[in-house]
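Asker: Handing you a structure now.
The values are calculated or read from the model by the stated rules, or taken from the named source; none is laboratory data. Fair warning: this is a prediction, and the values are worked out from it, not measured in the lab. Using ideal geometry, Cβ is built from the backbone for each residue, glycine included, and neighbour counts are taken over all protein chains shown. Ligands, DNA and RNA are excluded from the accessible area calculation, which covers all protein heavy atoms including side chains. Shrake-Rupley method; radii C 1.70, N 1.55, O 1.52, S 1.80 Å.
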Amino acid sequence: MANYNAFQHSSPPNDCVLVWQTLPPTTNNIPEPNPNNFDFGVPSTFERPSSTLSDKIRGPRFCMFLIMTLIVIIVIIALLLGFYFGNTPHPHLHVYAVNVCPFTISSSYITAQWDFGLLLKNPHGNSFYYSLFDLSLFYKSKFLSGNSIEPFVQPRKDQRVMEVKFAASSMYVEENVMEDIISEKNTGVVKFDLRMKVDILTRRWFYGMENVKVDIICEDVMVVFPSNRSVGSLLGNARQCKVKKR
């Protein structure tokens, strides 16, 4: 078995020394490398990197996107302003009941009493102060009777029932109007029109306190007179009235 210490301190063999001695001597004639001639594997056609954010901002598609977004925002703002300023706050009114007793016709005179049941709604988020609430009852264009309601406050999102009476005692009616009333009464149904002038004081966000003036019109309120009697009542279901800004 070989001695480890002897191997560790032994001299290299002669042939190894000969190899080391026969290595070619170093020379100083090697040319210096030229960095311009190095080939790093980069293709001759240089590819641009992907477009940056600034390139996208300047691109036509992005500009078109900005324009369309701006148009949409302008349209939405215009719709909201139009809805707010064009949508005048007003109540909703329905005629839910009518009782007529008596309804008598003598020569060219009418004697009658009408009891109207009205449902008044405030669907808005602000209270209404009704400073004027005048009601008029017509047959076509002929005024029959009138009434008014004292000023009152209606809270927001509120609805209330109102009973309004009209009376006519020996009211003169033109002959042609009387003929139309008699003709309708003979068919069992007479149509009346209820019209109201209403002034409302309410608070709005931009305007502050605003005085809203509207006309409420209930056309062709049909009252049925069974068997041509002098007692009548509303025909059908409740009727919603039209509201127009005055």
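Asker: Just to confirm a number: summing +1 for Lys and Arg and -1 for Asp and Glu over residues other than Arg246 whose beta-carbon lies under 10 angstrom from that of Arg246, what do you get?
Answerer: Details: positive: Lys197, Lys213, Lys244, Lys245; negative: Asp199, Asp215.
Neighbourhood net charge equals +2.
Asker: Normalised by the residues of the stretch 89-152, what does the relative contact order come to in percent, with Cα pairs under 8 Å and at least six apart? Mind showing how you got there, number by number?
Answerer: Working: 86 pairs, mean separation 17.2, N = 64.
Once divided by the residue count of the stretch 89-152, the mean separation gives 27 percent.
Asker: Can you tally the net charge around His124? Count Lys and Arg as +1, Asp and Glu as -1, for every other residue whose Cβ sits under 9 Å from the Cβ of His124.
Answerer: Working: positive: Arg156, Lys157; negative: none.
It works out to a net charge of +2.
Asker: Further, regarding this structure: Only residues of the stretch 126-141 count here: report those whose backbone N is under 15 Å from the spot 7 Å along Cα→Cβ of Arg156, or say none.
Answerer: Correct set: 126-129.
Asker: Could you work out what % of the accessible surface of the stretch 94-197 is carbon and sulfur, using a 1.4 angstrom probe and leaving DNA, RNA and ligands out of the count?
Answerer: 48
Asker: Tell me the GluC sites (Glu not before Pro) within the stretch 143-246 that lie in a loop according to DSSP and have at most 12 other beta-carbon atoms within 10 Å. Intermediate results must be reported in sequence, preceding the final value.
Answerer: Working: sites: Glu163, Glu174, Glu175, Glu179, Glu184, Glu210, Glu219; in loops: Glu174.
Those satisfying the criteria are Glu174.
Asker: If you don't mind, there's one more thing I want to ask. Treating the beta-carbon of each Lys and Arg as +1 and of each Asp and Glu as -1, no other charges, what is the dipole magnitude of the stretch 99-223 about its Cα centre, to the nearest 20 debye? Can you show the working numbers first?
Answerer: On the way: 14 positive and 16 negative charges, 132 e Å.
It works out to roughly 640 debye.
Asker: Suppose a student asked you for the relative contact order of the stretch 114-218, using Cα pairs under 8 Å spaced at least 6 residues apart; what percent would you report? Walk me through the numbers before you get to the answer.
Answerer: Working: 192 pairs, mean separation 34.8, N = 105.
33 percent.
Asker: Same structure again: Modelling each spin label as a point 7 Å along the Cα-to-Cβ direction, I'd like the Arg229/Thr69 distance in nm, to one decimal.
Answerer: The two pseudo-label positions are separated by 7.3 nm.
Asker: Once the whole set of protein chains is in place, how much accessible area is left on Lys245, using a 1.4 Å probe, in Å² to the nearest 10?
Answerer: Accessible area of Lys245: about 140 Å².
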